[in-house]
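**Q** If you scroll down you'll find the structure; I have some questions about it.
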Amino acid sequence: RKNAYEKPFIILAGLNNHYQTTVFGCALLGDETAETYVWLLETFLEAMNDKAPVSVITDGSKAIEEALEKTFPMSKHRICRWHLHKDAVSNASDSSFGPDFKKCMEENWSPEEFEVAWIKLVEKYGLQGHPWFEETYSRRTKWAEAYLREHFFAGLTSIRGHGMNTYFTRFLQVWHKLHEFVRHYDKALVCLREDEAKADSESESAYPAFCTILRDLERHAADV
């Protein structure tokens, strides 16, 4: 909401083949209701020739989640690990809770192992009946690695919005009117595209460094 219109600036970002952040689109929304997000995602889908993303990472907003279920029903939704961890620590009110909760998020457990670990976590910190943690547990398939490890997220576990927000502050100012906003937004995209073009050029002209296990095998044989 840090713009002349006091409207939320939404960035739809992802990764390119160089693992660089790329922007698919953006929007200035009138509000942050589920209906508005449905409009946004349907417009995005139209721009992408009706090709929905395989996976989506959000900050956990209920409105966005509802919109995703309506517009991208086949996409796998993941809640941003950074946002969830921050909210969990805040609701637990215990400084030692963070590492234990992080383990529940990140460990490559089976679903059964996760369930056991979650029960122990809740009992350890006396969180039985806590409304926030009960709701968070009901959404566990969207944040626990135990339920997400078979899905493709390009190595991402958190949204790229924070980095993009910082990046765009180099180009967008609070006082910019809409025509100025569009012009400066285009400048920001040009810089991103130049970075990608540079990476493409380096990739095409460089030679890959091949690595094998033969050297390690030879060393092992010598040791024997």
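The values are calculated or read from the model by the stated rules, or taken from the named source; none is laboratory data. Not measured: the values here are computed from a predicted model. Because the Cβ atoms are built from the backbone with ideal geometry, glycine has one as well, and the counts that use them run over all protein chains shown. Remember, those area values only see protein heavy atoms, side chains included, never the ligands or the DNA or RNA. Shrake-Rupley method; radii C 1.70, N 1.55, O 1.52, S 1.80 Å.
**Q** Looking at the structure I just gave you, is Thr71 open to solvent by less than 40 Å² (accessible area, probe 1.4 Å), out of contact with any Ser or Thr (no Cβ under 7 Å at 6 or more places or on another chain) and not small (Gly, Ala, Ser)?
**A** yes
**Q** Here's another thing I want to ask about it. Within segment 170-190, can you find the residues that are in contact (Cβ under 8 Å) with a residue 12 or more places away in the chain and either under 22 Å from Thr22 (Cα atoms) or not aliphatic (A, V, I, L, M) (or both)?
**A** Of everything in segment 170-190, those that are in contact (Cβ under 8 Å) with a residue 12 or more places away in the chain and either under 22 Å from Thr22 (Cα atoms) or not aliphatic (A, V, I, L, M) (or both) turn out to be Arg170, Phe171, Leu172, Trp175, His176, Lys177, Phe181, His184, Tyr185, Lys187, Ala188, Leu189.
**Q** β-branched (Val, Ile, Thr), touching a helix residue (DSSP H, G or I) at 6+ places or on another chain (Cβ under 7 Å), modelled with pLDDT of 95 or more and surrounded by 14 or more Cβ atoms within 10 Å (Cβ to Cβ) - does that describe any residue in segment 27-50?
**A** yes
**Q** Still on this structure, please answer the following. Would you check which residues across segment 22-65 are in contact (Cβ under 8 Å) with a residue 40 or more places away in the chain and under 26 Å from His179 (Cβ atoms) and list them?
**A** Within segment 22-65, Thr22, Val23, Cys26, Leu28 qualify.
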